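What follows is a set of notes on a single structure, which appears directly below.
The values are calculated or read from the model by the stated rules, or taken from the named source; none is laboratory data. Everything numeric in this text was worked out from a predicted model, so none of it was measured. Cβ placement follows ideal geometry from the backbone for every residue including glycine, while neighbour counts extend to all protein chains displayed.
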Amino acid sequence: MDYKYINQLLDRYWKCETSLEEEKILRAFFSQKDVPAELETYKELFIYEQNEKVTDALDDDFDQKMMTLIDNNEHIAHLHKARFVTISNNLKPLFKAAAIVAIFLTLGNASQVAFNEEDEIINTGTTEQLYKGASVAMGDSAVIDSMQHSSIETTTAAENILK
């Protein structure tokens, strides 16, 4: 059997040149049980509408149901008033957080300044005393040992006072 007409319709279908009547012919052809093997691949494309269930998303009385719900809930509508949303209202938590951070930084800076001033007062007199004290080398045992073995007479400060 020769399917030239169906092949021509398919070629025109792929070029988007078919009319609605020609597409109906293609659907009727592919809805048959006996479709040639070379055209079997196109069968699913044209019979998809027949396999789908026809369901209405909305019932006939949908509008009536919605209107009764609206009428019943009119007393609730005045409870939910619209409010203006401004940028400042949205940023209030951010402003609060920034204020807290600023307070902590200010208090921390003030406490650091107070502690640094006390340290400077205490350290001004003690640094000079540390440098004027006895040298570490004078108390070194190696120096003391070398002085005892030398022929030079050593006198301590206490001996000079007693003489």
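Side notes on the structure shown:
- Selection from region 33-62 of residues that are assigned to a helix (DSSP H, G or I), exposed (fewer than 10 other Cβ atoms within 10 Å of the Cβ) and modelled with pLDDT of 85 or more: ALA37, GLU38, THR41
- Scanning region 24-50 for residues that are free of Cβ contacts under 8 Å to residues at least 12 places away in the same chain and not β-branched (Val, Ile, Thr) yields a count of 10.
- Restricted to region 63-104, and to residues there that are small (Gly, Ala, Ser) and part of a helix (DSSP H, G or I), the residue that is modelled with the lowest pLDDT is ALA77.
- The set of residues from region 19-48 being among the β-branched types (Val, Ile, Thr) and more than 53 Å from the chain's Cα centre (by Cα) comprises ILE25, VAL35.
- Pairing residues of region 51-71 that are within 30 Å of PHE30 (Cα to Cα) with residues that are at pLDDT 85 or above and surrounded by fewer than 10 Cβ atoms within 10 Å (Cβ to Cβ), at Cβ distances under 7 Å and at least 6 apart in sequence or on separate chains, gives no pairs at all.
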